[in-house]
Amino acid sequence: MNDGTDWTPAAEAALLARARELADREIGPRAAAVAEQETFAWDTFRALCREGIVATAFPRAFGGTEAPMRLRVRLVETMARVCTAAATIVTGTDLAGRPIVAGAAPALAADLVPRLASGEIQSAFALTERGSGSDVANLACTARTVPGGWVLDGVKRYITRAPVADWFVVVARVDGAAGARGLSAFLVPRDAPGLTVGPVQTKMGWAGVPIAEVFLCGVAVPESHRLGAAGGGMTLAQDTLVRARIGHAAIALGRAQGAFEMAAQWCGRRRSFGQRLGEHQGVQWMLAGMAHRLEAARCLVHTCAERYDRADPDVAVHASMAKLHATDLGMQVTTDCLQLFGGNGYLKEFPLERFMRDAKMNQIGEGASEVHKTLIGRHVLRESARLRHPCLDLDAFEARMADPEPPR
Ligand SMILES: Cc1cc2nc3c(=O)[nH]c(=O)nc-3n(C[C@H](O)[C@H](O)[C@H](O)COP(=O)(O)OP(=O)(O)OC[C@H]3O[C@@H](n4cnc5c(N)ncnc54)[C@H](O)[C@@H]3O)c2cc1C
């Protein structure tokens, strides 16, 4: 974690201004074209590398600029306001780079991380399988111990950037050990014998960042390429997923902000029943509802990022809350904004249908909304077991209920 002291307020403001300029001048205008293709958005990726935005995910010791989370969420929002692919390139670089930064042996990290930070090479994070997505601890991909390393077998599904990745972080179950503690993470090069990337899986949105299945058939991995501790695969995945969940929240928030700005602009121009749409009270109330909810979501996401930067022990549940809230709101806001565009909103000629399609994915990836509700609910119950509210004396109540004598 990074407390951000390497970044002065002026340096943060300068990078954010450059990101905004890039989004408005280059990435926004070509976002619709990017959204038409299922190939990797190389131009967008190179622009993000050129402006030093990709490097913010990596430590200074390895050629990165290690931005604090409070800055990274703002960068992600800035990109998502115009283009989902650009935003997911920023968060996806982190998703697939973080386990290498956190878990690779020093020599391997020194070789790979500077090249990931410059954009020379790319990695992918292969956790999900055909039979286990939400239920990650039950994944089936195996790592069999052999002299000098392991042999991996299994199929990974929906792996972002698989079609272009040079390296794969693969989480697998070692020698049949049960549960989350049986998992370890490994780093596998694309050209490893037995590793095959399947065809691109076409999807509803999130174009420009292709996904594919990854097949591992007797793939040999040397001892030097295990990431983190033996049995530490779940810990490494959770460390990665907390960051990724904050990233999803920032994407959803930035995109919803973009849709909202466009809808507000539209309502100031479009006329119905002799007046501008925005002059109808019902429309004003819709805009007001979106404005205050977006502001509340921004506070939640930014506070969560600050918790991350100061290594708050409860950051994981706050990441769940930020993701749940911002992604559900993102779906609602993009749907309502499309509604305000009427039939035009439904046309590909306008960007709202793209924003709405892209919003759906944030409610599913890195833990579906329902899974986050469960995590938050469990946390609430754990915490409440330690609490005593001064207005409620449950011990006294239970003692009274246990007393068979009538009160005198
Ligand atoms: C575009 C895209 C990119 C992705 N990129 C990657 C990647 O790079 N690497 C990677 O490893 N994975 C990736 N994924 C996988 C993604 O993280 C999973 O799809 C997600 O975690 C959900 O898993 P699942 O699809 O198997 O859904 P399932 O686990 O089958 O769940 C289906 C639905 O059931 C409900 N549900 C599940 N469990 C519960 C529960 N406990 N309580 C209540 N409801 C529940 C939820 O509504 C959920 O949406 C990607 C997916 C997509 C679509």
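Computed from the coordinates by the stated procedures, all read-outs in this text should not be read as laboratory data. Quick caveat: nothing in here was measured; it's all calculated off a predicted structure. Cβ coordinates were reconstructed from backbone atoms using ideal geometry, including for glycine residues, and neighbour counts include every protein chain displayed.
Helices in the chain, meaning DSSP H runs of at least 4 residues, each add -39500 (n - 2.57). Divided by all residues, the mean residue ellipticity at 222 nm is -16500 deg cm²/dmol. Here the stretch 113-156 is scanned for amide nitrogen atoms under 14 Å from the site 7 Å beyond the Cα of Phe215 along Cα-to-Cβ, giving 153-156.
Our summary gives the stretch 129-176 a relative contact order of 41 percent, counting only alpha carbon pairs under 8 angstrom and 6 or more residues apart.
Mind checking the full-extension length gain between Arg310 and Ala385? Use 0.36 nm per residue of separation minus the Cα-Cα distance, one decimal, nm.
Working: separation 75, 0.36 × 75 = 27.00 nm, distance 2.59 nm.
Difference between extended and current length: 24.4 nm.
Listed by Cβ neighbour count within 10 Å, with the fewest neighbours leading, Val380, Val164, Val242 appear as Val380, Val164, Val242.
Close Lys pairs in the chain (alpha-carbon distance under 20 Å; sequence gap of 8 or more, or different chains): 7. Each residue of the stretch 269-280 is assigned a 3J(HN,Hα), and the resulting list reads 10, 5, 10, 8, 6, x, 9, 5, 3, x, 8, 6 Hz, derived from the Karplus form 6.51 cos²θ - 1.76 cosθ + 1.60 (θ = phi - 60°), x at Gly and Pro. The ranking of Tyr346, Tyr158, Tyr308 by Cβ neighbour count inside 10 Å, starting from the fewest, reads Tyr346, Tyr158, Tyr308.
Around Leu112, with a cut-off of 11 angstrom between Cβ atoms, what is the net charge of the other residues, counting Lys and Arg +1 and Asp and Glu -1? Charge balance in the 11 Å sphere: -2. Shown in residue order for the stretch 72-84 are the 3J(HN,Hα) couplings computed by the Karplus curve 6.51 cos²θ - 1.76 cosθ + 1.60 at θ = phi - 60°: 4, 5, 5, 5, 5, 4, 4, 6, 5, 4, 10, 8, 4 Hz (x for Gly and Pro).
Note on Gln275 and Ala10: the model spin-label points, each 7 Å out from Cα along the C-beta direction, lie 5.0 nm apart. Couplings 3J(HN,Hα) of the stretch 16-33, computed from phi: 5, 5, 5, 5, 5, 4, 4, 5, 6, 8, 10, 6, x, x, 9, 5, 5, 5 Hz, in residue order, whole Hz [Karplus 6.51 cos²θ - 1.76 cosθ + 1.60, θ = phi - 60°; x for Gly and Pro]. Here the label points at Ser134 and Arg60, each 7 Å from Cα along the C-beta direction, are separated by 4.3 nm in the simple model. Would you work out which of Ala104, Ala326, Leu338 lies farthest towards the positive end of the dipole of the chain? Charges go on Cβ: Lys and Arg +1, Asp and Glu -1. Comparing the listed Cα positions along the dipole, Leu338 ranks first.
For the chain, the dipole from Cβ point charges (+1 on Lys and Arg, -1 on Asp and Glu) about the Cα centre works out to 620 debye, to the nearest 20.
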